[in-house]
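Step one of this worksheet: look at the structure below.
Bear in mind these aren't lab numbers, they're just calculated from the coordinates by the rules spelled out. Since we're looking at a predicted model, the values are computed, not measured. Cβ placement follows ideal geometry from the backbone for every residue including glycine, while neighbour counts extend to all protein chains displayed.
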Amino acid sequence: MEITKEEIENIREKFPILRRKVGDKDLIYLDNTATSQTPVEVVEDINYLYTHTKANVHRGVHTLSQEATDLQEHTRRRVQGWINASSFEEIIFTRGTTEAINLVASSFGQRFREGDEIILTVMEHHANIVPWQLLQSRTGIKIRVVDINDKGELDLDQYRSLFNDRTVFASFTHISNVLGTVNPVKEMTRIAHEHGVPVLVDGAQAAPHLRPDMQDIGCDFYVFSAHKMYGPTGIGVLYGRKELLESMPPYQGGGEMIKHVSFEHTTFADLPFKFEAGTPDFVGIAAFAKAFDFMEETGIDLIAEHEHQLLEYTTEKLLALPGVKIYGTAPDKAAVISFNVGDAHNYDVGFLLDKLGVALRTGHHCAQPLMERLGIPGTVRASFAVYNTFEEADRFIEALKRVIPMVM
Ligand code: PMP
């Protein structure tokens, strides 16, 4: 399966931002791991909703409010179908992956006690570390950390060995935002469940590139962000198994999450609304449905295949350049390439590449423990989306060839 030139041109037509310039250079956008660009269908939908159907959801009997509510709930069912959740009640809208993990740590975490242990991995994004540390400072739980091997794969033997009578939770990323490693989350969930331990999978980097199937993975919680999957900013999803969500206390209090409020006694709304206090970004949520349309029309398998080809093509060219070292060489890897050039600082390389129109990420990528493990302050990171082309990969390599003599 290969994406044709015509198909890619049609896809790129939907992303006007790809036609802009940076200085006098054509933009080459290779920072898709941080956020992907948004197709016109989504942008036009946001525009249409603001100019046509803006009304608060779940509140009014009037037509506009009903329409807005229907649109928001349509997206909920779209998400449910996309990830194969059993019920729409298992789909909670949040501000992003970060808020979704904080929700689980704050709410589910209330049952943890001093000395209880949770398992994380060394490749986690700060969003899947710091909420647990905040919980640790409140409860005295212990955090155990799974290491990686030289290729950037998790040490599954060590993971297995970390479970004991005190283990109460495991939380790990599906795909590393630095190494690109695709973790065996189904197997890891199975191991945790053998010990009766619930699991959260951070799908922020997986949801844009594959179709995570909740029944297949079997995890208890799965989280992701719309802005990384061609959708609007400020919206995320928490999938949670219904019986667990039902057993959890609310995360925030406010409007929409209650059945009845009195100063004596307040009762809470049913799922999913119990976890959605206050007015959500209902315009963004409604428009998020169009991002699923885009991915479905393009074909998630085609997206994955094209990105994989870009990964292989660019990796080979990068490795032929003097002084380039790539971090993360797992055979099962997403289209993320973290690298350094000799002893050059990642920031200098990124800064010079920007002057040549190439937008990519530098620094620790919100994964400082991983950087410490690798013994480096940071990397330069190129990451691909379906709209990237082999010509862009070539131009990135040509730009890097110009930069290397300047920094080495
Ligand atoms: N987890 C991973 C693996 C990520 O890559 C990111 C975003 N870089 C996050 C969590 C946080 O996502 P957000 O900022 O959208 O909440």
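Key figures
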| quantity | calculated |
| --- | --- |
| All lysines inside 18 Å of LYS242 as judged from Cα atoms, apart from same-chain residues fewer than 8 positions distant | LYS274 |
| √(5λ) per eigenvalue of the Cα gyration tensor, the chain, largest first, Å | 36, 29, 17 |
| Volume of the Cα convex hull of segment 292-375, divided per residue and given in Å³ | 136 |
| Members of LYS186/LYS317; LYS14/LYS333; LYS21/LYS401 lying beyond 23 Å, as alpha-carbon distances in this model show | LYS186/LYS317; LYS14/LYS333 |
| Mean residue ellipticity (222 nm) of the chain, computed from DSSP H runs ≥ 4 via -39,500 (n - 2.57), nearest 500 | -12500 deg cm²/dmol |
| Alpha-carbon centroids, segment 168-201 and segment 217-272: separation in whole Å | 21 |
| Pairwise centroid distance, computed over Cα atoms, of segment 370-395 with segment 22-66, Å | 27 |
| Candidate aspartates and glutamates - alpha carbon under 16 Å from LYS25, same-chain residues fewer than 8 apart omitted | ASP354, GLU391, GLU392, ASP394, GLU398 |
| Lys, Arg +1 and Asp, Glu -1 on Cβ, resulting dipole of segment 102-231 about Cα centre, debye, nearest 20 | 360 |
| Cα gyration tensor category, rounded, prolate or oblate, for segment 1-148 with a/c compared to 1.5 | oblate |
| Prolate/oblate/rounded call for segment 124-218, Cα gyration tensor, a/c under 1.5 rounded | rounded |
| Normalised contact order of segment 74-188, rounded percent, pairs of Cα under 8 Å and 6 or more residues apart | 24 |
